[in-house]
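Coordinate-derived values only; no laboratory data. Quantities reported herein were computed from a predicted structural model and do not represent experimental measurements. Cβ: placed from backbone, ideal geometry, glycine included. Neighbour counts: every protein chain shown.
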Amino acid sequence: MKAVVMNGIGGSDRLSHVERAEPAPRPGEVLVEVAFAGVNFMDVGVRQGMAWTEIPDPKILGVEGVGRVLAWGDGVADFKPGQRVAWVYAPGSYAERIAIPASALVPVPDAIDDRTAAAIMMQGLTASHFATDFYPVQPGDTAFVHAAAGGVGLLLTQIIKLRGGKVIGRVSTPDKVAMAKAAGADHVIVDAEGRFAEDVLRLTKGEGVSVVYDGSGPTTFQGSLDIVRRSGTFCWYGPVLGGPGPLDIMSLPRSIKIGYAVFFDHIHTPELLRRRSTQLFDWLAEGKLEVRVGGEYPLADAAKAHADMESRKTTGKLLLVP
């Protein structure tokens, strides 16, 4: 089968489209034919040496996708041939076929097409966790969403609005404003240099926002601190872009709460994975949530997908097609 591997730590030029041995499902695993694989900043982090360092190179990248069941190993009883399934964390997803633990799979309902299912998993579950668990948005809350036209930002904005909150979004260029507003953002600030705090405080009459969702790296960290209201919450994520450096907890202003949202805390049990996924699928089927696919690339062009994502010029979800 064909797969995309990284040949060592470095840039997108370290990715190669190669022939690899066909996987075989072990006990508890399901063999799946991949229809779409999602591209995530997590994959970029692996390529840059931030994770999976214990796995020798060359290794197949990717963790997310959708496909059809081909076969299964001993101990698997809940799947049938041809059934459509999706997953959010299965290393080796940049491939034509993959063997995945049955506990990591969720059935895809008939109302949801493969492309949409692949595009919603990682970013949808992340956005859902941010707005319903990390900080449960309440009616009347005002949230500030960085990268509001990105994959997570577009979904997060919609979920905040579903919960009755208001959204101030930040985008890097004027051409992304309409997209953020279409997702429901009440106000959109264009800023590429981390100079957004004054505008936010003006919009909130000096009070600040209930919660900030910041995955934009160290350049926005101080500005995000500055706009959180008294006893508000700062949700920081996005380790690929770098951390803020050492933080003196006694310097935190206005009794704010700050935390680093780790992906594996979003869905820490198979039951929670299926429950949250079902909620996302229901919202999609009911027309309450819309996922935007920002680009589709042949599997062989995974390096270009990585380069485009790192440029920060893309919007929505990027997918690979084996």
**Request:** Report the Stokes-Einstein translational diffusion coefficient (µm² s⁻¹, integer) for segment 28-98, Rh taken as the Kirkwood radius over Cα pairs, at 25 °C with viscosity 0.890 mPa s.
**Result:** 190 µm²/s
**Message:** Can you compute 3J(HN,Hα) from phi for each residue in segment 284-293, using the Karplus curve 6.51 cos²θ - 1.76 cosθ + 1.60 with θ = phi - 60°, rounded to whole Hz and x for Gly and Pro?
**Reply:** 5, 5, 7, x, 8, 9, 10, 10, 9, 8
**Item:** For segment 1-159, the Rg and Dmax computed from alpha carbons only, in angstrom
**Value:** 17.1, 54
**Asked** Taking the Cα atoms of segment 121-263 alone, what are Rg (to one decimal) and Dmax (as a whole number) in Å?
**Response** 13.6, 40
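What do you get when you divide the Cα radius of gyration of segment 86-134 by 2.2 N^0.38 Å, with N the number of residues?
Working: Rg = 12.0 Å, N = 49, 2.2 N^0.38 = 9.7 Å.
The reported ratio for this selection is 1.25.
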**Estimated vicinal HN-Hα couplings, Hz - segment 186-196 in sequence order (Karplus 6.51, -1.76, 1.60; Gly, Pro = x)** = 6, 9, 10, 9, 8, 7, 10, 10, x, 10, 10
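Sorted by packing (mean other beta-carbon atoms within 10 Å per residue), highest first, where do 300-307, 39-46 land? Present the calculation step by step, with values, prior to reporting the outcome.
Values: 300-307: 19.9, 39-46: 22.6.
In decreasing order of mean packing, 300-307, 39-46 become 39-46, 300-307.
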**Request:** Starting from the coordinates of the alpha-carbon atoms of the chain, obtain the Kirkwood hydrodynamic radius over all distinct pairs and give the value in Å to one decimal.
**Result:** 20.2 Å
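Less than 14 Å Cβ to Cβ from LEU272, Lys/Arg counted +1 and Asp/Glu -1: what total charge do the surrounding residues give?
Numbers: positive: ARG274, ARG275, ARG276; negative: ASP133, ASP265, GLU271.
Here the count lands on 0.
I want the local charge near ALA183. Using Cβ-Cβ distances under 9 Å, sum +1 for each Lys or Arg and -1 for each Asp or Glu among the other residues.
On the way: positive: LYS161, LYS181, ARG292; negative: GLU290.
Taking every other residue near ALA183 into account, the sum is +2.
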**Request:** Report, in debye and to the nearest 20, how large the dipole of segment 157-233 comes out about its Cα centre when Lys and Arg carry +1 and Asp and Glu carry -1 on their Cβ.
**Result:** 340 debye
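Could you please report the charge total around ASP141, scoring K, R as +1 and D, E as -1 over all other residues with beta-carbon less than 9 angstrom from its beta-carbon?
Working: positive: ARG163, LYS166; negative: none.
For residues surrounding ASP141, the net value is +2.
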**Message:** Out of all DSSP beta bridges in the chain, what portion is antiparallel? Express it as a percent rounded to 5.
**Reply:** 55 percent
**Share of alpha-carbon pairs per 10 Å distance bin for segment 180-322, given as whole %** = 9, 27, 36, 23, 4, 0
**Request:** At a Cα cut-off below 24 Å, give the lysines reachable from LYS166, other chains included and same-chain residues fewer than 8 away excluded.
**Result:** LYS176, LYS181, LYS205, LYS257, LYS288, LYS317
